[in-house]
Amino acid sequence: MQPITTANLIDCLQWRYATKKFDPSKIIPAETWQALADSLVLTPSSYGLQPWKFIVITNPELKTQLRPLSWNQAQVTDCSHYVVFAIKKNLTAEHVDRFVARTAELRGSSIKSIEGYRNMMVADVVDGARSFNVNEWASRQTYIALGNFMTSAALLGVDTCPMEGIEPVNYDKILELSSQGYATVVACAAGYRAIDDKYASLAKVRFATDDVITNI
C-alpha cells in the first residue's frame, strides 16, 4: 500500500466543506460510489461490533419525502447519494454472536476459540453498565462512520454535507426502520458542488492549532 503524501491529505481536507448547494445533474460514478460504500463497511467500531446500518438513498421520490423532514434543506434532494446513518437499537447477545460467527468465518478459527472475547462483549454491552445507555454508545459509533465517510469522499473529490437538522423519528417511519430494530441518528448528502455555491470559496474558520492541540 502506497500512502498519499501529507500535502495531498491537507489539500483534500482544505478543499472539502459542508456543501450547501449541490449540482443535481452530477451523479457519483458507480466505481467511485463503490469505494465510498466500502469505506462505510470498513469503518472501525468499538469491539468491532458495527452497531449500525447505512441506508443509501438515490430514489428521487424518497428524497422528496425526506426533504420536509430535514428543515427543507435542498441538499437532500439535490445530492447524488443521500446516506442515513442508523443504529441497531438495544444490542443483544444475538448481535454479538453474529459478529463472533463472522469473525470465526473470516479468520478461519473456531467460535469456541473466541468464546472468552464473546463473553466479555456480552458482559459489557448487553448485561453490564453500558447496557443502560447502549443506544447512545451506538450513536457515537455512527459518528466514526460519518467522519470516515466524509474524509474518504474528500480524498476522492466528492463533496459532502453532514445533516443533523433532520427529524429522526419521522425518518424511521418513512424508511420503516423501527420495525427492523434500527433508529436514525444522522445523515450525509454526497455529490458534487454547484459552481455558484458561495460557501465553497469561504476561508475555513478554525481555532489556532495551539488552542486545540496540546503536546505533552
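The values are calculated or read from the model by the stated rules, or taken from the named source; none is laboratory data. Just so we're clear, the structure is a prediction, and the values are computed from it rather than from any experiment. So basically every Cβ, Gly included, is an ideal-geometry build from the backbone, and we count neighbours across all protein chains shown.
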Within segment 12-45, tally of residues that are more than 30 Å from Arg102 (Cα to Cα), among the hydrophobic types (A, V, I, L, M, F, W, C) and surrounded by fewer than 18 Cβ atoms within 10 Å (Cβ to Cβ): 5
Pair list, Cβ < 9 Å and 6+ apart or interchain, from segment 48-67 residues that are more than 30 Å from Ile114 (Cα to Cα) and touching a residue at least 60 places away in the same chain (Cβ under 8 Å) to residues that are in a loop (DSSP other than H, G, I, E, B) and of a type in the set (Lys, Arg): none
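To keep it simple, each residue is scored yes or no on (1) exposed (fewer than 15 other Cβ atoms within 10 Å of the Cβ); (2) aliphatic (A, V, I, L, M); (3) free of Cβ contacts under 8 Å to residues at least 12 places away in the same chain.
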{"position": "Tyr171", "(1), (2), (3)": "no, no, no"}
{"position": "Gly181", "(1), (2), (3)": "no, no, no"}
{"position": "Ala187", "(1), (2), (3)": "no, yes, no"}
{"position": "Tyr192", "(1), (2), (3)": "no, no, no"}
{"position": "Ile195", "(1), (2), (3)": "yes, yes, no"}
{"position": "Leu202", "(1), (2), (3)": "yes, yes, no"}
{"position": "Asp210", "(1), (2), (3)": "yes, no, yes"}
Residue ranges of helices (runs of 4 or more DSSP H) in segment 46-132 with at least 2 members modelled with pLDDT of 95 or more and surrounded by fewer than 18 Cβ atoms within 10 Å (Cβ to Cβ): 60-66, 93-107, 115-121
Lone unmet requirement of (1) within 16 Å of the chain's Cα centre (by Cα); (2) under 30 Å from Ala74 (Cα atoms); (3) assigned to a helix (DSSP H, G or I) for Val169: (1)
Selection from segment 1-10 of residues that are loosely packed, with under 14 Cβ neighbours inside 10 Å and in a helix (DSSP H, G or I): Thr6, Ala7, Asn8, Ile10
Members of segment 71-100 that are among the hydrophobic types (A, V, I, L, M, F, W, C) and under 19 Å from the mean Cα position of the chain (by Cα): Val76, Cys79, Val83, Val84, Phe85, Ala86, Ile87, Leu91
Residue that is touching a helix residue (DSSP H, G or I) at 6+ places or on another chain (Cβ under 6 Å) and more than 19 Å from Arg193 (Cα to Cα), where the choices are Glu167, Glu94, Glu136: Glu167
